[in-house]
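The values are calculated or read from the model by the stated rules, or taken from the named source; none is laboratory data. None of the values given here were measured: they were computed from a predicted structure. Virtual Cβ from ideal backbone geometry, glycine too; neighbours counted across all protein chains shown. Surface areas here come from the heavy atoms of the whole protein model, side chains and all, with no ligands, DNA or RNA. Shrake-Rupley method; radii C 1.70, N 1.55, O 1.52, S 1.80 Å.
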Amino acid sequence: MGLALAALLGYTFGSLPLYRWFGALQGSPPRPLAPFPTFLVGLLDAFKGLIAVASGEAVAHDPHLGLLAGVLAVWGDCFSIWLLGQGSKGWFTAAGVLLALRPLLLGEVGLLLALFLALTRNFRWAGFLAALGIPVILAANLGSVGLAFGLGLALPIAWRHYSGSSRVFEP
C-alpha cells in the first residue's frame, strides 16, 4: 500500500502544470512568462520535487520509496496527465528531488549542466548531455541505488531534450 501511495503522490505532484497555469493568468491564449514569473514557477517546480520525496518517505516510511516518488514526480513533470502527455523539460523538479536527497548532488549536476552549456552554447544539447551524466554522478555517490535512481531521473529529461526538436544534434 505504501508503494502505491508513494508512487501516486509523486506522479500527482509532478504532473501539476504550473507553467501553463501561470501563463493562463496572463491572458488567453497563454503567453510566455516574463523573467520573474518564470523564476517563481521554477521555484514552485523545485518544490514539487522536494515535497514528492518528503511525502513519499512519510507515507511509506521508507527512504527508497521517497526516491521513487521523486523519480515519478520528474516523470509527471515531463509527461503530465493534465496536458495529455506533454510537459516541461523536468530540470526544476529534478533539482528539487536532488535537493531533498543531498544538496551536494544538486551542485554537481548543476555544474555539469553549466559546463555543457558553456561548451555547446545550446540548451538542448547541454540538457541532453547533462541528463546522461546524472546516473554517473549518482552512481559514484550512492552506488547501485544511485544508478537506478539516476536512470529514473535522466530518462525523461533526456527524452524531452531529444524529442523536443529534430535540431538537437545540429551544431
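Based on the reciprocal of the average 1/r between different C-alpha atoms, the Kirkwood radius for the chain equals 16.0 Å. Each Lys and Arg contributes +1 and each Asp and Glu -1, all at the Cβ; summed about the Cα centre of the chain, the dipole is approximately 480 debye. For the range 36-171, the carbon plus sulfur part of the accessible surface works out to 74%, probe radius 1.4 Å. Dipole of the chain computed with +1 at Lys/Arg Cβ and -1 at Asp/Glu Cβ about the Cα centre; of Thr120, Trp75, Gly2, farthest Cα towards the positive end is Thr120.
Rolling a 1.4 angstrom probe over the protein heavy atoms with all chains in place gives the chain an accessible area of 53 Å² per residue. Rounded to the nearest Hz, the phi-derived 3J(HN,Hα) couplings of the range 82-95 under the Karplus curve 6.51 cos²θ - 1.76 cosθ + 1.60 (θ = phi - 60°) are 6, 10, 6, x, 8, x, 8, 7, x, 5, 5, 5, 4, 4, where x marks glycine and proline. Which of rounded, prolate, oblate describes the range 91-171, given a ≥ b ≥ c as roots of the alpha-carbon gyration tensor eigenvalues and a/c under 1.5 marking rounded, otherwise prolate only if a/b is larger than b/c? Prolate shape, in that a/c is at least 1.5 and a/b is the bigger ratio. Applying 1/(1 + (r/R0)^6) with R0 = 25 Å to the Cβ-Cβ distance of Met1 and Val145, what FRET efficiency is obtained, to the nearest 0.05? About 0.65, to the nearest 0.05.
What shape does the range 37-109 take by its C-alpha gyration tensor, where a ≥ b ≥ c are the square roots of the eigenvalues and a/c under 1.5 counts as rounded, a/b above b/c as prolate, and the rest as oblate? Because a/c hits 1.5 or more and a/b fails to exceed b/c, the range 37-109 counts as oblate.
Over the chain, DSSP H runs of length four or greater, each weighted -39,500 (n - 2.57), average out per residue to a 222 nm ellipticity of -26000 deg cm²/dmol.
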